[in-house]
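Quick note: the coordinates plus some simple rules give every number you see, no bench work behind them. Please read these numbers as outputs of a predicted model, since none were measured by experiment. Glycine also receives a Cβ, built like all others from the backbone with ideal geometry; neighbour counts cover every protein chain displayed.
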2 protein chains.
Amino acid sequence: MLDICLLGTGGMLPLPYRALTSLMVRHNGSNLLIDCGEGTQNQIRIQGWSFKPLDVICITHFHADHISGLPGLLLTMGNADRTEPLTMIGPKGLAKVVNSLRIIAPELPFDIKFIELENDFETIDICGLRLEAFRVNHRVTCYGYNLVLDRAGRFDAEKAKGLGLPVKYWSLLQKGESIVYEDKEYTSDMVMGQARKGIKVTYCTDTRPTDSIVSNAKEADLFICEGMYGEDDKLANAKEHKHMTMMEAAELAQKADVGEMWLTHYSPATARPYDFYDKVKNIFPRTRMGKDLMNVELKFQD
Amino acid sequence: MLDICLLGTGGMLPLPYRALTSLMVRHNGSNLLIDCGEGTQNQIRIQGWSFKPLDVICITHFHADHISGLPGLLLTMGNADRTEPLTMIGPKGLAKVVNSLRIIAPELPFDIKFIELENDFETIDICGLRLEAFRVNHRVTCYGYNLVLDRAGRFDAEKAKGLGLPVKYWSLLQKGESIVYEDKEYTSDMVMGQARKGIKVTYCTDTRPTDSIVSNAKEADLFICEGMYGEDDKLANAKEHKHMTMMEAAELAQKADVGEMWLTHYSPATARPYDFYDKVKNIFPRTRMGKDLMNVELKFQD
């Protein structure tokens, strides 16, 4: 199960009624955060989730609205007596940026391990999840992220019986391990059915639309995507500042055939994103207009 | 007139219902801010005051809860098309700290002029005010600030007539200028009565109580002071972390004979500061428990 909370939905600057865009994901006792603008720690508190088990913080890019809340959050995690190391993932230069911000948070009771992304696509196994980072197209180096919870196939008892394997070995094979029985090695795939559909969440901001987003978000259960502007005449703005309109996001969602799209990262000038809902829904019906603290539990289908 | 707003009243970390301690002062078209923790820009927005005419930002010290909101605020001021230079005042090292934080706000449409405090007491004339910075006693170098609006004495027409000065020179002398009439120099003080009571606001956090605070806050109209803890058994905590209790603040207010004291910078563990009001009032009756966005217009008397 993945427990998902879109902590905020604003772009550029925080507003009293709209926090900056950030996503928090809980899985099996671990917590991951993507982006951390000014006020993100307050949103975590309002949602009632804990700072202490925050194991991973991913940063999409180094614009202030995506990272300005970091020093405060690190101190608050320290005040919550976290001592386990924290992993931070982001574009090349991450350690330099974080260490520069830490001039006001020099002493922490935990270490930070940095993973700097250098390729257009990277996969990192972390917290029992597959994290995929893919390069998008913004004014500065920026990455989208997939969080993937894979699901093995069903255990095929008939196959195991056919191979003459005693029951005591079944659970090991089911967990993906290999065993040796009567001098012969048996691997997991010999008794497991085809991998079943897992859970995939795609987070994508700030960027122009790209083919890579479509392929990376392909059939995601949840596609969280920027919808900076709603007005048709803002397309030029979107192009200039390397953002996208809600309609462009909907076209990506439609091409990627995602389960559901949540829009986020609204321009501060867009007071009522919902005004554009009908227009977006015409392109991709399974759209929801993101709101601060919108959340969902994503479970395996059966 | 000074227009005063205590933007937040929290210490250590922002809470959903309590922003970090920060003071904004408007005077004659200029705005001054003292301290800028995470979320301060949101409080300015809620108060309905403008970012653009923010001419001076003073920082008491470099702990994150007093400066973490700076990069976001600078960017928001830039987005408001401010181009006039900004003056920043704070302890030695200010430029280094601000420039380090500006790794996420490198491009601004205005210059920042830094004034780094090096002495125990410094006076700076700025925005038509006398700003006094005085060293306090915290774990790191920290300053309290007085904002003083001086008021000249009344113009004494009888004196001017006695000196035989034509009326056309009176207004110049009244404005503090000197004139030459019939080869003789006349200075302002020759026709002005004794300086009248001005307006003085003292802002003081984070610190242990000191004699210097008493002398610097002497007869301030408004004394804004930290009251980190209310419980008697937190005195040891206050001493260890170089903060003060509400009762210690009240003793300072009483000794300095201030007009009114507003308490602020409450510990996040203090959910209801008002619980301690009676105890504090017994020491200094003209105490108000600070609340976010508490504000007042301070005017010259009479």
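P(r) for region A:113-252: what percent of alpha-carbon pairs falls in each 10 Å bin, starting at zero?
In whole percents, the pair-distance histogram is 11, 29, 22, 17, 12, 7, 2, 0.
Once you have a ≥ b ≥ c as the square roots of the Cα gyration tensor eigenvalues for region A:91-140, tell me rounded if a/c is under 1.5, and otherwise prolate or oblate according to whether a/b is larger than b/c.
Working: a/c = 3.28, a/b = 1.40, b/c = 2.34.
Oblate.
Given H placed 1.01 Å from N in the peptide plane, which residues other than close sequence neighbours of residue B:198 have an amide H under 5 Å from its amide H?
Amide H neighbours of residue B:198, under 5 Å, 5+ apart: B:151.
Pop out the ³J(HN,Hα) list for region B:143-160 in order, Karplus 6.51 cos²θ - 1.76 cosθ + 1.60 with θ = phi - 60°, rounded to Hz; leave Gly and Pro as x.
Each residue's phi maps through the Karplus curve to give 10, x, 10, 9, 10, 10, 10, 6, 9, 5, x, 6, 6, 9, 4, 4, 4, 4 Hz.
Taking just the C-alpha trace of chain A, give me its Rg and Dmax in Å.
Considering chain A through its Cα atoms, Rg and Dmax are 21.1, 72 Å.
Net charge near residue A:48, counting Lys/Arg +1 and Asp/Glu -1 over other residues with Cβ under 12 Å of its Cβ?
Details: positive: A:26, A:45; negative: A:3.
Net charge in that neighbourhood comes out at +1.
Report the residue, chosen from B:104, B:179, B:67, that carries the largest GNM mean-square fluctuation when chain B is represented by alpha-carbon nodes joined by springs under 10 Å.
In this elastic network of chain B, the residue with the biggest mean-square fluctuation among B:104, B:179, B:67 is B:179.
Between region A:31-74 and region A:82-157, how far is it from one alpha carbon centroid to the other, in angstrom?
After rounding, the separation between the Cα centres reads 13 Å.
Rounded, prolate or oblate, given the Cα gyration tensor of region B:215-292, with a/c below 1.5 counting as rounded?
Working: a/c = 1.76, a/b = 1.42, b/c = 1.23.
Prolate is the answer for region B:215-292, as a/c is 1.5 or above and a/b outweighs b/c.
Can you list the copy-to-copy distances for residue A:195, using a point 7 angstrom from Cα toward Cβ, in nanometres, shortest first?
7.8
Rounded, prolate or oblate for region B:27-157? Axes are the square roots of the Cα gyration tensor eigenvalues, ordered a ≥ b ≥ c, and the cut-off for rounded is a/c under 1.5.
Details: a/c = 1.91, a/b = 1.24, b/c = 1.53.
Judged from the Cα gyration tensor, region B:27-157 comes out oblate (a/c at least 1.5, b/c at or above a/b).
So, in nm, how far is label residue B:99 from label residue B:125 when the simple model puts each one 7 Å beyond its Cα toward the Cβ?
3.0
Could you list, in their original order, any pairs among A:184/A:218; A:200/A:255; B:200/B:279; A:234/A:291; A:52/A:200 whose Cα atoms are separated by more than 28 Å?
Details: A:184/A:218 40 Å; A:200/A:255 16 Å; B:200/B:279 26 Å; A:234/A:291 21 Å; A:52/A:200 25 Å.
Long pairs (Cα-Cα over 28 Å): A:184/A:218.
In percent, how large is the relative contact order of region A:206-302, given Cα pairs closer than 8 Å and 6 or more residues apart? Kindly include the intermediate steps, with their values, before the conclusion.
On the way: 155 pairs, mean separation 29.2, N = 97.
Computed over region A:206-302, the figure is 30 percent.
Could you work out the relative contact order of chain A, using alpha carbon pairs under 8 angstrom and six or more residues apart, expressed as a whole percent? Mind showing how you got there, number by number?
Numbers: 673 pairs, mean separation 52.6, N = 302.
This gives 17 percent for chain A.
Which whole-angstrom value gives the distance between the alpha carbon centres of region B:202-261 and region B:283-300?
Cα centres, region B:202-261 to region B:283-300: 14 Å.
Just to confirm a number: summing +1 for Lys and Arg and -1 for Asp and Glu over residues other than residue B:195 whose beta-carbon lies under 11 angstrom from that of residue B:195, what do you get? Spell out each step's value before the answer.
Details: positive: B:151, B:154, B:196, B:197; negative: B:150, B:189.
Cβ neighbours under 11 Å give a net charge of +2.
Along the three principal axes, how long is the protein assembly as shown when you take its alpha carbons, biggest first, rounded to the nearest angstrom?
122, 60, 36
Between B:209, B:106, B:268, which gets the highest mean-square fluctuation from a Gaussian network model of chain B, Cα cutoff 10 Å?
B:106
Taking 0.36 nm per intervening residue step and subtracting the Cα-Cα distance, what contour gain separates residue B:81 from residue B:46 on full extension? Can you show the working numbers first?
Numbers: separation 35, 0.36 × 35 = 12.60 nm, distance 1.97 nm.
Stretched fully, the residue B:81-residue B:46 segment lengthens by 10.6 nm.
Run lengths n ≥ 4 of DSSP H only: what is the helix-derived mean residue ellipticity at 222 nm for chain B, with -39500 (n - 2.57) per run over all residues, to the nearest 500? Please list the in-between numbers first.
Values: 9 runs with 68 residues, N = 302.
So the helix-based figure for chain B works out to -6000 deg cm²/dmol.
Grab the Cα-Cα distance for residue A:197 and residue A:255, subtract it from 0.36 nm times how many residues apart they are, and report the gain in nm with one decimal.
Details: separation 58, 0.36 × 58 = 20.88 nm, distance 1.95 nm.
So the extension gain works out to 18.9 nm.
Sorted from shortest, what are the nm distances separating the label point of residue B:159 from equivalent points in the other copies, each placed 7 Å from Cα along Cα to C-beta?
Sorted ascending, the copy-to-copy spacings read 10.3 nm.
Report, as an integer, the average count of C-beta atoms from other chains found within 10 Å of each Cβ along B:96-106.
Working: counts 1, 2, 1, 2, 6, 7, 2, 11, 11, 3, 2.
Neighbouring Cβ atoms belonging to other protein chains average 4 per residue here.
Given the options B:19, B:236, B:195, state which has the largest fluctuation in a GNM of chain B using a 10 Å cut-off (strictly under) for Cα springs.
Largest GNM mean-square fluctuation: B:195.
Would you tally the net charge around residue A:274, using a Cβ to Cβ cut-off of less than 13 Å, leaving residue A:274 out, and scoring K and R as +1, D and E as -1? If you can, show how the numbers build up before the last one.
Values: positive: A:18, A:272, A:279, A:281, A:288, A:291; negative: A:275, A:278.
Result for the local shell: +4.
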